[in-house]
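The structure appears right after this line, and notes come after that.
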Amino acid sequence: MAMPHELSVHLVIHRDAVDAMIGAGDFHALLAHLDDLQPSLHTPERALAYEAQFEAIDRLGLVPKNWSLDPAATPKAEQTLAARSGLIRLYLAGIPAPKMMVQEDGTVGAYWRRGDNYASVDFDADGMYSWCAAKGSDVVAGAWSDGPLPIPLRDVIAA
């Protein structure tokens, strides 16, 4: 599903306000601002679910070095910022809120698990988001940077 032209124009016009809210960590205000631009995306339950994941990104940014049994990095500021930006893109794509995770290199990601279906997106700081989607033993992977959410990823999340 492509982003409606009107919404993309509004986001460009409001980019400074959106970036300021991301940087300040004011995700309640950010979601309200985005909902004003695209009211059809908003439900109170969805907004709460996404706000909880913004808070999870903050908590993941505080994990200590070597938090796992393997050598592991604490997410850097640019990695948590990439995750916040990616989460906003997921919100605007109109899909259900994910759960957040942190990789051993400090990259923050999102995942959805429902029965035999699993999907994940890693929010790399360079803006290229690697993803995988699995329905049972059928696995598809790719990279997403601009444009709509890849259809195989969207299909697994929606299943």
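The values are calculated or read from the model by the stated rules, or taken from the named source; none is laboratory data. Keep in mind it's a predicted model, so treat the numbers as computed, not measured. Note that each Cβ is placed from the backbone with ideal geometry, even for glycine, and that neighbours are counted across all protein chains shown. Side chains are part of the model used for accessible areas, which takes the heavy atoms of the whole protein and leaves out ligands, DNA and RNA. Shrake-Rupley method; radii C 1.70, N 1.55, O 1.52, S 1.80 Å.
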| field | Selected residue (only one of P96, P64, P71 is open to solvent by 20 Å² or more (accessible area, probe 1.4 Å), over 22 Å from M128 (Cβ atoms) and either within 12 Å of the chain's Cα centre (by Cα) or touching a residue at least 60 places away in the same chain (Cβ under 8 Å) (or both)) | value | P96
| note | Just one listed residue, out of K135, K99, K76, is at pLDDT 90 or above and in contact with a Phe, Trp or Tyr (Cβ under 7 Å, 6 or more places away or on another chain), and it is K99
| field | Filtered residue count, region 128-159, keeping only those that are open to solvent by less than 20 Å² (accessible area, probe 1.4 Å) and of a type in the set (D, E) | value | 0
